[in-house]
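Undergrad: Can you keep this structure in mind? I'll have questions shortly.
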Amino acid sequence: MDSKDTRIIIDCDTGIDDALAILYALRAPGVRVEAITTGFGNIGVQQAAENTLRLLALAQPDYDIPVAVGAAQALVREPGIYSPHVHGANGIGGVTLPPSNQQPVSETSAELIVRLADESPGELVLVTLGRLTNLALALELDPELPGKLQKVVVMGGTIYKPGNVTPVAEANIWGDPEAADRVFTAGFELLMVGLDVTLQTLIKGEHIAMLKRLGKAGNLPVIDFMEQTLQHYFRFYREANYVLDGAPLHDPLALMAALQPDLITTRRMKVRVEQQGEFTAGMVVADLRAQPKAGEYIEVAVDVDAERAVGAFLSVFI
């Protein structure tokens, strides 16, 4: 490991865009994945862990990456619904990857996050790509955690754009709003990368065709997987959002923003997460008044250099 490497923990519910984010992290220069922690969301937590282990076997990183199994349901709500219409029955578009010889560690996701932060205080960046349940549970284990993580980057929420589960709520926050509110108000150095920017950042069929032409020989199995899994995702976004032959890079953009902050423009704002309301549960409520009083300050991505972000994603496979 280079001493200048960004050391990250990825917390995910390994669906299609989580898989792309993991593969990006494993190929990007200057980054070391210290662990991958899994939770429920796109699919159940056991399937998320299985998908993660199989992705690692596919990508074959040259160092060991522990995988933990975490929360199977939200903090206080009924067990959530999963998203087979978005991510396929197995979470990765129905693609079958060969099994892995690796097993999950015995620690829970929350326990692993707390231990790694204790061992390397101020050095780790946590990138969350799913519900914030695991991080909320880690906070219960160690209330001092905000001072031990260098930064938390959250894929979730929306301020100016519509939600994707309800008119105002994005799926990761909607899936456990109590956990999200605890995390957003805990005092982390926190960046929210939500639908305001991810919906602008599209991977298209033409990009995959280019990767198949130009990709390094060692990356061709990964590129073949991306081509297969994205067919399901492209079909969903055509039906749901009128996107033709493309889909947003939700989770990869959050991971890229953790590594290359200049890809996005941020605004500091006070926020809370609505936990009640028939139509508003899971809404990230930003106090945009001249003198904001409600909520705690976080950084929110409000714009993105989408063309450069897509280029940054593709370039690690070429």
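Read-outs throughout are calculated quantities, based only on the coordinates presented, and are distinct from any laboratory measurement. In this text, all values refer to a predicted model and were calculated from it rather than measured experimentally. Note that each Cβ is placed from the backbone with ideal geometry, even for glycine, and that neighbours are counted across all protein chains shown.
Undergrad: Which of the residues belonging to the range 286-318 are part of a loop (DSSP other than H, G, I, E, B) and more than 25 Å from P146 (Cα to Cα)?
TA: R289, A290, Q291, D305, V316, F317, I318
Undergrad: With the requirement that a residue be out of contact with any Phe, Trp or Tyr (no Cβ under 8 Å at 6 or more places or on another chain), within 16 Å of F184 (Cβ to Cβ) and buried (at least 18 other Cβ atoms within 10 Å of the Cβ), what does the range 293-318 give you?
TA: E299, V300, A301
Undergrad: Which residue is farthest from the chain's Cα centre (by Cα), if the candidates are limited to the range 144-158 and must be part of a loop (DSSP other than H, G, I, E, B) and more than 23 Å from D13 (Cα to Cα)?
TA: It comes out as E144.
Undergrad: How many residues are of a type in the set (A, V, I, L, M, F, W, C), in contact with a helix residue (DSSP H, G or I) (Cβ under 6 Å, 6 or more places away or on another chain) and under 17 Å from I22 (Cβ atoms) if we restrict to the range 126-141?
TA: Number of matching residues: 2.
Undergrad: Can you confirm whether the range 230-242 contains a residue that is out of contact with any Phe, Trp or Tyr (no Cβ under 6 Å at 6 or more places or on another chain), without any contact (Cβ under 8 Å) to a residue 40 or more places away in the chain and not in a helix (DSSP H, G or I)?
TA: Yes, because at least one residue in the range 230-242 is out of contact with any Phe, Trp or Tyr (no Cβ under 6 Å at 6 or more places or on another chain), without any contact (Cβ under 8 Å) to a residue 40 or more places away in the chain and not in a helix (DSSP H, G or I).
Undergrad: Something else now. Among the β-branched types (V, I, T) and more than 26 Å from L230 (Cα to Cα): is that true of T96 in this structure?
TA: Against the criterion (among the β-branched types (V, I, T) and more than 26 Å from L230 (Cα to Cα)), T96 does not qualify.
Residue-by-condition table, conditions (1) among the hydrophobic types (A, V, I, L, M, F, W, C); (2) outside any helix (DSSP H, G or I):
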site: I173; (1), (2): yes, no
site: E178; (1), (2): no, no
site: D196; (1), (2): no, no
site: H207; (1), (2): no, no
site: L211; (1), (2): yes, no
site: L244; (1), (2): yes, yes
site: A247; (1), (2): yes, yes
site: L253; (1), (2): yes, no
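Undergrad: Continuing with the same structure: Conditions first: (1) in contact with a helix residue (DSSP H, G or I) (Cβ under 7 Å, 6 or more places away or on another chain); (2) assigned to a loop (DSSP other than H, G, I, E, B). P167 passes all but one, so which condition is the exception?
TA: (1)
Undergrad: Now for a different question. Look at the range 256-292 and say how many of its residues are surrounded by fewer than 18 Cβ atoms within 10 Å (Cβ to Cβ) and under 28 Å from D5 (Cβ atoms).
TA: Number of matching residues: 6.
Undergrad: Let me ask something additional. Please tell me if A294 is within 19 Å of L132 (Cβ to Cβ) and not aromatic (F, W, Y).
TA: no
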